[in-house]
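A.B. asks: If you scroll down you'll find the structure; I have some questions about it.
The values are calculated or read from the model by the stated rules, or taken from the named source; none is laboratory data. Here the structure is a predicted model, which means the values were calculated and not measured. So basically every Cβ, Gly included, is an ideal-geometry build from the backbone, and we count neighbours across all protein chains shown.
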Amino acid sequence: MRRAMQRFHTEPAPLKLRKPTLHSVRSMGAGQNAPTIPDTDGVNDMLQEAGQNATLMDVARGILDRLVERPELEVQVEEILFLKECLGSNLETLAMPCMLLQRDTGDVTPGGYDFLMTYTKQVNTSSSCPGTPGSRSRTPSVAFTRPPSWESLKSSMLEDFDKWDFDSFELADATKGNPLHFAGWKALDAFLTDQTSDIFLEMEKTTRFLEAVEDMYAKQGSVLYHNNVHAADVTQCVHALLSQFGFAAYFDQLSILALILGAAVHDMGHDGRTNSFHVNTCDEIALTYNDISVLENMHISKTFKLMHSDPSTNILDGLKTDHRTRLRKEMVEVVLGTDMSSHFSSVADFKTLIEKLGNDPREWHCEAKAMSALRVMVLHAMDISNPAKVLHISDKWSDLLRQEFFLQGDEEKRLGLPISPLCDRETVRFASSQVGFFTIIVQPTFALMAELQHPVKDVLLAHLQSNTETWEARKRKESADHSSPQASAQPAGVSRSDRSGSVCRTASRQEGSNNSLPSELRTVLPGVSSSRRW
Ligand SMILES: [Zn+2]
């Protein structure tokens with residue numbers, strides 16, 4: 001404990017603390033102008049060790065040490081209240097950052113600070129109004145689970161979380177591979193702190209839920225694109241669209257919650273293969289979901305199975321029954337809406353809605369189908385929003401997706417299946433397909449979103465336009481490379497026409513469905529009608 005205390009270099013100025021003896025520390029009660037020292041095992045152990053020279057600051061630091069450094073230990077509610085009392089009412093002073101953030105390494109720990117701010121607010125509210133009708137019962141002590149590695153986050157990263165150009169790859173590095181936990185936590189902040197709301201999430205269950213969801217995603221090394229970083233990225237994008245681009249004004253709290261949770265879980269359990277791959281191989285999930293949106297059905301089904309099988313993760317537990325019912329319906333709806341097979345019909349329907357109802361969704365509330373379409377469009381648009389990011393971020397995502405497609409193509413080749421469009425590493429013209437994807441799929445989607453909120457045009461469409469020009473230049477180079485005599489030669493390996501047919505009758509149906517698309521789209525996506533999943 002003493003070792004931990006010595007790590008703090010800077011004394012927090014606002015605290016007026018004197019140096020009491022062990023006895024006088026304990027004797028200072030709430031009626032005096034000093035915080036009440038909690039009579040807990042943790043504090044008693046600390047006082048025992050620190051001896052008679054212990055100060056109130058030492059007590060506070062000891063609690064913080066357990067809170068931040070040793071999350072496996074329980075921190076008692078009265079200990080949190082003691083910290084809160086030390087800080088006074090002004091939580092935004094530098095007192096807490098000085099205590100929490102100054103380390104012997106000089107690193108700051110804004111993640112821990114941020115978390116504690118939320119935590120103290122919640123505990124204080126719950127403690128001060130124990131008998132308030134409708135208030136939720138709290139356990140007397142809280143098993144504190146620290147979000148993983150938050151202390152390594154830079155303060156700029158926390159501040160940037162609301163921004164469109166937030167870098168989820170940096171977040172993944174800073175959280176040591178657990179970005180979804182952080183992104184979910186930040187995006188859900190309002191639901192964790194406002195206990196006056198009907199829609200309030202319990203902090204412990206939220207933590208357990210986010211941990212479990214992140215565990216059920218493949219990690220960066222095993223699935224290249226559809227992993228927990230993509231989930232964190234889409235969650236952050238939804239949060240940014242709602243908070244920075246005005247879309248929150250269109251939804252009530254429950255729908256906002258459905259969108260954030262939907263984003264967090266929307267690819268849970270994804271194995272890096274497309275829907276058509278699962279259908280073509282007649283695997284378990286294709287059989288379970290009868291070839292219909294098999295991945296999307298699996299993602300959302302796993303989500304609710306998780307909550308039901310492990311009550312400690314059931315973040316919806318505290319909600320009213322009708323709220324839970326509606327939330328489930330909306331989460332199912334938005335996750336199923338991420339199936340690219342419904343892209344063109346969704347966009348066309350949404351366009352018709354805007355033409356019919358106008359471009360202010362605040363006027364749409366009596367139109368349940370319109371609001372549903374809007375929710376679906378928000379998550380779907382954010383799911384395909386990589387091309388609307390700054391180029392260096394957009395390029396990283398493109399490359400990861402390309403590699404994931406190639407791995408599928410390799411496996412299709414190995415299994416003797418037809419290789420899906422864009423998945424054959426020997427023949428694909430990726431730059432050409434990117435230009436098509438940007439202009440045919442993403443641009444019309446964001447153009448509709450921009451009709452609702454003009455800033456979408458200034459930021460998202462502006463990035464998209466710039467990135468499209470870059471890919472057009474790459475496409476010209478790619479075409480030139482392919483038309484050179486060397487490139488015209490037959491690529492090594494088996495040509496497409498030599499490959500054997502499907503091992504499953506459904507394969508030909510999938511190919512057929514792809515062939516029904518306009519010819520230019522077949523080169524844009526690996527079967528946009530059914531198989532490209534984001
Ligand atoms: Zn996705």
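A.B. asks: Does segment 183-201 contain at least one residue that is in contact with an Asp or Glu (Cβ under 6 Å, 6 or more places away or on another chain) and either surrounded by fewer than 18 Cβ atoms within 10 Å (Cβ to Cβ) or at pLDDT 90 or above (or both)?
C.D. replies: no
A.B. asks: Still on this structure, I have one more. Could you please give the count of residues in segment 328-377 that are more than 16 Å from the ligand (Cβ to nearest atom), more than 16 Å from L448 (Cβ to Cβ) and either small (G, A, S) or not assigned by TED's automatic domain parsing to the domain that holds S255 (or both)?
C.D. replies: Within segment 328-377, residues that are more than 16 Å from the ligand (Cβ to nearest atom), more than 16 Å from L448 (Cβ to Cβ) and either small (G, A, S) or not assigned by TED's automatic domain parsing to the domain that holds S255 (or both) number 1.
A.B. asks: For segment 401-442: of the residues being without any contact (Cβ under 8 Å) to a residue 40 or more places away in the chain and of a type in the set (V, I, T), which is farthest from L224 (Cα to Cα)?
C.D. replies: Result: T439.
A.B. asks: Quick one: which of D173, D233 is away from the ligand (no atom under 16 Å from the Cβ) and out of contact with any Asp or Glu (no Cβ under 7 Å at 6 or more places or on another chain)?
C.D. replies: None of the other options fit; the residue is D173.
A.B. asks: Go through segment 386-400 and count every residue that is in contact (Cβ under 8 Å) with a residue 60 or more places away in the chain and farther than 15 Å from H226 by Cβ.
C.D. replies: Residues meeting the conditions: 7.
A.B. asks: Would you pick out the residues in segment 377-405 that are crowded, with 23+ Cβ neighbours inside 10 Å and basic (K, R)?
C.D. replies: K389
A.B. asks: Still on this structure, I have one more. Filter segment 406-436 for residues that are touching a Pro at 6+ places or on another chain (Cβ under 7 Å) and either among the hydrophobic types (A, V, I, L, M, F, W, C) or under 16 Å from Q465 (Cα atoms) (or both); which is surrounded by the fewest Cβ atoms within 10 Å (Cβ to Cβ)?
C.D. replies: Filtering first and then ranking leaves C423.
A.B. asks: Restricting to segment 315-338, and then to whatever is part of a helix (DSSP H, G or I) and in contact with a Lys or Arg (Cβ under 8 Å, 6 or more places away or on another chain), can you tell me which residue is surrounded by the most Cβ atoms within 10 Å (Cβ to Cβ)? Quick ask: steps written out before the conclusion?
C.D. replies: Here is the first cut: in segment 315-338, the ones part of a helix (DSSP H, G or I) are 321-336.
Among the residues that remain, those that are also in contact with a Lys or Arg (Cβ under 8 Å, 6 or more places away or on another chain) are: 330, 333-334.
Values: E330: 22, E333: 17, V334: 28.
Filtering first and then ranking leaves V334.
A.B. asks: Of the residues K320, K351, only one is among the basic types (K, R), modelled with pLDDT of 95 or more and on the phi < 0 side of the Ramachandran plot; which?
C.D. replies: None of the other options fit; the residue is K351.
A.B. asks: Answer yes or no as to whether A218 is within 16 Å of the ligand (Cβ to nearest atom) and assigned to a loop (DSSP other than H, G, I, E, B).
C.D. replies: Criteria met by A218.
A.B. asks: What number of residues within segment 280-301 are without any contact (Cβ under 8 Å) to a residue 24 or more places away in the chain and assigned to a helix (DSSP H, G or I)?
C.D. replies: Selection size over segment 280-301: 6.
A.B. asks: Let me ask you something else. In the set L171, L210, which member is touching a His at 6+ places or on another chain (Cβ under 6 Å), of a type in the set (A, V, I, L, M, F, W, C) and either in a helix (DSSP H, G or I) or in contact (Cβ under 8 Å) with a residue 60 or more places away in the chain (or both)?
C.D. replies: L210
A.B. asks: Return the only residue of F277, F304 being under 18 Å from the mean Cα position of the chain (by Cα), at pLDDT 95 or above and part of a helix (DSSP H, G or I). Let's see the steps before the verdict.
C.D. replies: On the way: F277 fails: under 18 Å from the mean Cα position of the chain (by Cα).
Step by step, each of F277, F304 is checked, and only F304 is under 18 Å from the mean Cα position of the chain (by Cα), at pLDDT 95 or above and part of a helix (DSSP H, G or I).
A.B. asks: With L224, L241, L261, L254 as the choices, which residue is touching a residue at least 60 places away in the same chain (Cβ under 8 Å) and away from the ligand (no atom under 16 Å from the Cβ)?
C.D. replies: From the options L224, L241, L261, L254, the qualifying one is L254.
A.B. asks: Quick check on this structure: which one of R425, R474, R429 is charged (D, E, K, R) and under 23 Å from F169 (Cβ atoms)?
C.D. replies: R474
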